[in-house]
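FYI, it's all coordinate maths here, none of it is from the lab. Please read all numbers here as calculations on a predicted model, not as lab measurements. FYI the Cβ positions are ideal-geometry reconstructions off the backbone, even for glycines, and counts take in every protein chain you see.
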Amino acid sequence: MFNKILIANRGEIAIRVMRACRELNIKSVAIYSDADKNSLFARYADESHPLGGSTPSESYLRVDKIIDIAEKSGAEAIHPGYGFLAENPKLGMECEKHGIKLIGPKSSVIEAMGDKIRARKLMKKARVPVVPGTVEGVKDAEKAIKIAEEIGYPVIVKASAGGGGIGMRTVYEEDELVRAIESTQSVASSAFGDPTVYIEKYLEKPRHIEFQVLADEHGNIIHLNERECSIQRRHQKLIEEAPSPIMTPELREKMGAAAVRAAKHIGYTNAGTVEFLYSNGDFYFLEMNTRVQVEHPITEVITGVDIVKEQIRIAAGEELCCSQDEIKIRGHAIECRINAEDPLSDFKPTPGRITGYRSPGGIGVRVDSGVYMNYEIPSYYDSMISKLIVWGRDRAEAIERMKRALAEYIILGVKTTIPFHKAIMRNDAFNRGELHTHFVDYHRKQIEEEMKRIVIEDRDMVTRLQSTFLPSKKVAAISAAIGNYIASNKKVL
Ligand code: MV4
């Protein structure tokens, strides 16, 4: 096992990885930007080193600086978390050169899955269903028109180097096709330096269902069941749950086997996620994420497997904790992403100081966060404050528990997505489990009306709790004033 690991990330995921390190008796090394000098993760680590700079490209994307700090501090492995360098094959390649273990799959596998056309071909070979569409990239307009006619409109034009929603366009009729190809090519060219695009049949209201897989370096591969991540906005997931409300044992068997087949075929190692689109009883491979994901805790909650600990153990050459038979699902888990965004102003980011903070607790509640009272959320990075995860014996109990936990969660100083989550938990379609990737757009009006009511309802609670967040001198002064007021009222009475 490793003695020391460098965590090439920030915020809640840096803390999540360091927590696993603590439990494995591994020393943790943090790296932090100028904007993160007051961050919790840099204090939690056993040692912390400045990167300088504040923008991602000056700090968390600097492979050279990260390798240098790893060598100087004597870290034997690097955990990349999610985002930043997590799916950049360069980090793995540099690690290999310097004899440092990267906690993740081989860089060649990361590279293969980053190329969506290549990924589709590999999946087809592994007998994993892919969305009907082109095998190769499309170049000339005439061929494209013919292919689109064959698969039938609507179709979607996607950038081969894309993913996560950047560089795609839906096409409803032949007239729009050539223009859509040209515009996607030009977006892809400037965003990824690769203009290659391909065409797929467009599924209108699919569900996003993904399978968590774990593979060790001895050929053992298992899946930890699925997560449903259909509640999203502009390709940012907002709520995830496990298991999926539509899952049956038969479908899980089929999709789980496909996910394991996918991982096996490409020689996958470590933790990964196979994403599927589900529509009318059929499922199709979408992408493979070669990293730990934001929403991994809901899988941990229902299976009891510590995914980050497994990642580290796998990278150290150990065997998987468990066989497929040993993986059972217990109850239901939901995660709400609490972001510093105003859900009533188009989710505009609201960086700034947290002037009051109290996180929820009690049975079945987990909060993964990187913030604290008086912490200033920097504007350079994503706006996630924390992840609120609940467990219930069934979906209905998990929803009630999430409502209760959201009601306990007090964040003052910045607007957050808490009112949005409260509105979703009350939404009838959500309660019925009628989810799809366009849910938020589709129910927008209703969600907004509900949020407005919620913000007014919450004012009272905030006023009652405000005094607990005042500096002690002010509290003492206010207590004295209230005491005097009561005393003087008594005299009058
Ligand atoms: C699709 C699709 C419908 N049909 N492909 C969006 C992110 C990118 N990774 C793939 N995406 C989609 N691909 C076909 N053939 C709908 C989406 C999509 C989506 C997928 C997953 C989660 C959220 C989404 C939101 C809008 C569109």
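If you check Gly133, Gly83, Gly92 for being over 30 Å from Gly53 (Cα atoms) and either within 16 Å of the ligand (Cβ to nearest atom) or surrounded by 20 or more Cβ atoms within 10 Å (Cβ to Cβ) (or both), only one passes: Gly133.
Here is a check on your reading of the model: is Gly52 within 30 Å of Gly193 (Cα to Cα) and within 23 Å of the chain's Cα centre (by Cα)? The answer is no for Gly52. Only residues that are in a loop (DSSP other than H, G, I, E, B) and surrounded by 20 or more Cβ atoms within 10 Å (Cβ to Cβ) were counted across the stretch 328-349, and they come to 2. Looking only at residues in the stretch 161-178 that are within 12 Å of the ligand (Cβ to nearest atom) and not aliphatic (A, V, I, L, M), the one that is nearest to Arg234 (Cα to Cα) is Gly165.
Please work out if Gly352 is touching a strand residue (DSSP E or B) at 6+ places or on another chain (Cβ under 8 Å) and over 30 Å from Glu200 (Cα atoms). Steps first, answer last, please.
On the way: touching a strand residue (DSSP E or B) at 6+ places or on another chain (Cβ under 8 Å): yes; over 30 Å from Glu200 (Cα atoms): yes.
The answer is yes for Gly352.
Residues that are of a type outside the set (Gly, Ala, Ser) and either under 21 Å from Glu71 (Cβ atoms) or in contact with an Asp or Glu (Cβ under 9 Å, 6 or more places away or on another chain) (or both) within the stretch 23-39 comprise Glu23, Ile26, Lys27, Val29, Ile31, Tyr32, Asp34, Asn38, listed in sequence order. The set of residues from the stretch 182-214 being away from the ligand (no atom under 15 Å from the Cβ) and of a type in the set (A, V, I, L, M) comprises Val213, Leu214.
Only one of the numbered conditions (1) of a type in the set (Lys, Arg); (2) surrounded by fewer than 15 Cβ atoms within 10 Å (Cβ to Cβ); (3) touching a strand residue (DSSP E or B) at 6+ places or on another chain (Cβ under 7 Å) is not met by Arg120, and that is (2). Restricting Glu275, Glu240 to those that are in a strand (DSSP E or B), within 14 Å of the ligand (Cβ to nearest atom) and over 30 Å from Glu149 (Cβ atoms) reduces the list to Glu240.
For the stretch 167-193, which positions are out of contact with any strand residue (DSSP E or B) (no Cβ under 7 Å at 6 or more places or on another chain) and touching a residue at least 12 places away in the same chain (Cβ under 8 Å)? Tyr172, Glu173, Glu174, Val178, Gly193, listed by residue number.
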